[in-house]
Amino acid sequence: MTAHMQDRPATARPGTPGRHGTPPEIPCPPRQGPSPERGVFVRPLTRRQVDDRMWELGELYAHTLSSEPAEPGFLGPYRAGADAFRRRLAGHMRRPGFELLVAEAVRPSGATVLTACAYGFPVRGTGPWWQGLDGYLPANLVRVAASGKLFAVAGVLVERRVRTQDLTREWNLARRLQKRLLEDHIGALGVTLVDHLDVDTYEALLAWGWRCPPAEGGGVSRFAPRRLLVLR
């Protein structure tokens, strides 16, 4: 990512007098851009629509892995990851209660572009994804899952800028997506797993409101490959 700094007049520096005793230049505070909530629309896709846009969703995944795709071929190294993502998403779509939201923006040309997505499904006492999660759930969350009030947020795809700017603001696009995903499940607790080595994602999730659950008993070993996070 490239930071573009505004040019500063050479006649004076902040805090020093200008020529002929003119008052010192006072730097203007940076202007905050418009909220992403303006001009970015969030909506759900049906399973058929997800099928129809599977390639586009894979491209979004590759784009969010890269930091600055400046050239058409830049995403080449991420193609294999995009293909693996499409396979995982196709498997997740078969889960009962699967939901996927997309964020779209309209360009000045009038074209609609996909900017982000989030998806997940309810977690119950049985099911294939349960096999990858049960070793991380404390006893109280096992009871929540048995009552049907646990929702797995399996993925939030946003560009790197969303991971690094305005993380704590309610209109942050990732926060909007995950909140909307849980809105239809009143009283449900969001749950997700993040790789221990993926520090960037872990810190972003914490900024978006996720928390580590209190350890019960022995808890999960700190050497476990993933961490469990919950969102209320």
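The values are calculated or read from the model by the stated rules, or taken from the named source; none is laboratory data. Keep in mind the model is a prediction, meaning the values are calculated, not measured. Ideal geometry is used to build each Cβ from the backbone, glycine not excepted, and the neighbour counts take in all protein chains shown. The area values use the complete protein model at the heavy-atom level, side chains included, leaving out ligands, DNA and RNA. Shrake-Rupley method; radii C 1.70, N 1.55, O 1.52, S 1.80 Å.
Given the structure, is Arg227 in a helix (DSSP H, G or I), within 20 Å of the chain's Cα centre (by Cα) and either among the charged types (D, E, K, R) or more than 23 Å from Arg95 (Cα to Cα) (or both)? Give the steps one after another, and end with the answer.
Details: in a helix (DSSP H, G or I): no; within 20 Å of the chain's Cα centre (by Cα): yes; either among the charged types (D, E, K, R) or more than 23 Å from Arg95 (Cα to Cα) (or both): yes.
So Arg227 fails the test.
Just one residue in the set Ala145, Ala154 is in contact (Cβ under 8 Å) with a residue 12 or more places away in the chain, open to solvent by less than 60 Å² (accessible area, probe 1.4 Å), of a type in the set (A, V, I, L, M) and in a strand (DSSP E or B); that residue is Ala154.
Right, Gly209: closer than 22 Å to Thr115 by Cβ, within 12 Å of the chain's Cα centre (by Cα) and assigned to a loop (DSSP other than H, G, I, E, B) or not? Yes, satisfied.
Look at region 177-193: where a residue is without any contact (Cβ under 8 Å) to a residue 12 or more places away in the chain and closer than 20 Å to Ala116 by Cβ and a partner is of a type outside the set (Lys, Arg) and open to solvent by 70 Å² or more (accessible area, probe 1.4 Å), sitting 6+ places away or on another chain with Cβ atoms under 9 Å, you get Lys179/Glu170.
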